[in-house]
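These notes are about the structure you will find just below.
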Amino acid sequence: MNPLAPRRERLRAATIAEIKQAARDQVARGGASAVSLRGVARAMGMTPSALYRYFDSHDVLIGELSADACSSLADTLEAAFDAAVDEPNQARRWLLLARAYRHWAHENEAEYALLFGPRTLELDKSGRCGTEMHRATGVLFRCMIEQIATGNVDPSHLDGQLKPELRSRLVAWGVEEGAPISPAGLAGCLIVWTQLHGFLSLELFGGLPEGFGDFDDLYDQQMLDVIVRIGYRHPIDIETTAAPSTAGWLGAGSAPAGAHHLTP
């Protein structure tokens, strides 16, 4: 918020921020379907009619929350990607990025559920939410483009597995996203994306075995397995760190907790 903005603008911005936080609290308690303008107004001590001066409808409010979540995720992924730019081990660089994604999901469970959980509203891909999600997925595209260019990843083995209809959809998707990657490379991106989100969704929505303990090592293992699946060309020998919850999600400042040994 600009401190030099007129008082009326500052008050309006503060009220919008408070409305969004009240709505996020509702999402955290019961998902997007639990959000009601009447409930938000009640939590803020406002009348429902007053709330409509800030958000025209429930859908508009949910759309803004989703756009904010996409923006936060994109910021996190871009920062993690850039922070690991000097990491010489490219498999480890990917692992640091994947851990940052998981950290964001755990720190923002309500927002993750809003974006990737059951939906009562289709996200508006033409608006700010679509733009911010494009930024988030763009980090994955950057990873793939760089790794293919340097020869670290060769997804060509996926090419022969693509059915014609799937290939044409991948080509169209690449054009839509502006990603200069082959259909095989785009298939690799989707394989990574779905495995990452499959794990996180099971973990955050209670689908993994109870009593197993934390899933840090299992997540790391799967994130390494998937880059081997899409054509990472080097043996992986990465000394992982202690649990991110106690040692830092980017793997710094902790004692070794074992190693992964995978050979493509």
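With springs only between Cα atoms under 10 Å apart, run a GNM on the chain and tell me which of LEU218, LEU158, LEU170 wobbles the most.
Among LEU218, LEU158, LEU170, the largest GNM mean-square fluctuation belongs to LEU218.
By its C-alpha gyration tensor, with a ≥ b ≥ c as the square roots of the eigenvalues, how is the stretch 1-123 shaped: rounded for a/c under 1.5, else prolate for a/b larger than b/c, else oblate? Don't skip to the end; give the middle numbers.
Numbers: a/c = 3.30, a/b = 1.76, b/c = 1.88.
Oblate, because a/c is 1.5 or more while a/b does not exceed b/c.
Please identify, among ALA34, ALA105, ALA184, the residue showing maximal mean-square fluctuation in a Gaussian network model of the chain using a 10 angstrom Cα cutoff.
Maximum among the listed residues: ALA34.
In sequence order, what are the phi-derived ³J(HN,Hα) couplings for the stretch 24-34 according to the Karplus relation 6.51 cos²θ - 1.76 cosθ + 1.60 with θ = phi - 60°, rounded to whole Hz, with x for glycine and proline?
4, 4, 5, 4, 4, 7, x, x, 4, 5, 7
Set the Förster radius R0 to 35 Å, insert the Cβ-Cβ distance between THR150 and LEU202 as r into 1/(1 + (r/R0)^6), and round the FRET efficiency to 0.05. Working shown, then result.
On the way: r = 32 Å, r/R0 = 0.93.
Between THR150 and LEU202 the formula returns 0.60.
Evaluate the charge dipole of the chain about its Cα centre and quote only its size in Debye, nearest 20, assuming +1 on the Cβ of each Lys and Arg and -1 on the Cβ of each Asp and Glu.
Dipole magnitude for the chain comes out near 940 debye.
Quick check: pseudo-label points 7 Å beyond the Cα along Cα→Cβ at ARG7 and THR47, how many nm apart are they?
2.4
Which one, LEU186, PRO209, GLY45, projects farthest toward the positive side of the charge dipole computed for the chain from Cβ point charges (K/R +1, D/E -1)?
It is GLY45, whose Cα lies furthest towards the positive end.
How do 141-150, 8-17 rank on mean C-beta neighbours within 10 Å, highest first?
Highest-to-lowest ranking by the protection proxy: 141-150, 8-17.
Quick check: from the Cα gyration tensor, does the stretch 19-66 come out rounded (a/c under 1.5), prolate or oblate?
It is oblate, given that a/c is not under 1.5 and a/b is not larger than b/c.
Working out 0.36 nm times the residue gap between GLU78 and PHE116, then minus their Cα-Cα distance, what length gain in nm do you get to one decimal?
11.7 nm
Where a ≥ b ≥ c are the square roots of the eigenvalues of the C-alpha gyration tensor, would you call the chain rounded, which needs a/c under 1.5, or, failing that, prolate if a/b is larger than b/c, or oblate?
Cα axes put the chain in the prolate bin.
Can you compute the FRET efficiency between SER126 and THR15 using 1/(1 + (r/R0)^6), with r the Cβ-Cβ distance and R0 = 30 Å? Round to the nearest 0.05.
With a Förster radius of 30 Å, E is 0.65.
Would you calculate, for the chain, the mean residue ellipticity at 222 nm contributed by helices, counting each DSSP H stretch of 4 or more residues as -39,500 (n - 2.57) and dividing by all residues, to the nearest 500?
-20500 deg cm²/dmol
Using θ = phi - 60° and the Karplus curve 6.51 cos²θ - 1.76 cosθ + 1.60, what whole-Hz ³J(HN,Hα) does each residue of the stretch 168-184 get, with Gly and Pro shown as x?
Ordered by residue, 3J(HN,Hα) equals 5, 5, 5, 4, 5, 5, x, 5, 4, 8, x, 9, x, 10, 5, x, 5 Hz.
None of the figures in this text is laboratory data; all of them are computed from the coordinates on show. Note that this is a predicted model, so its numbers are computed, not measured. Every residue, glycine as well, gets a Cβ built from its backbone with ideal geometry; the counts of neighbours run over all protein chains shown.
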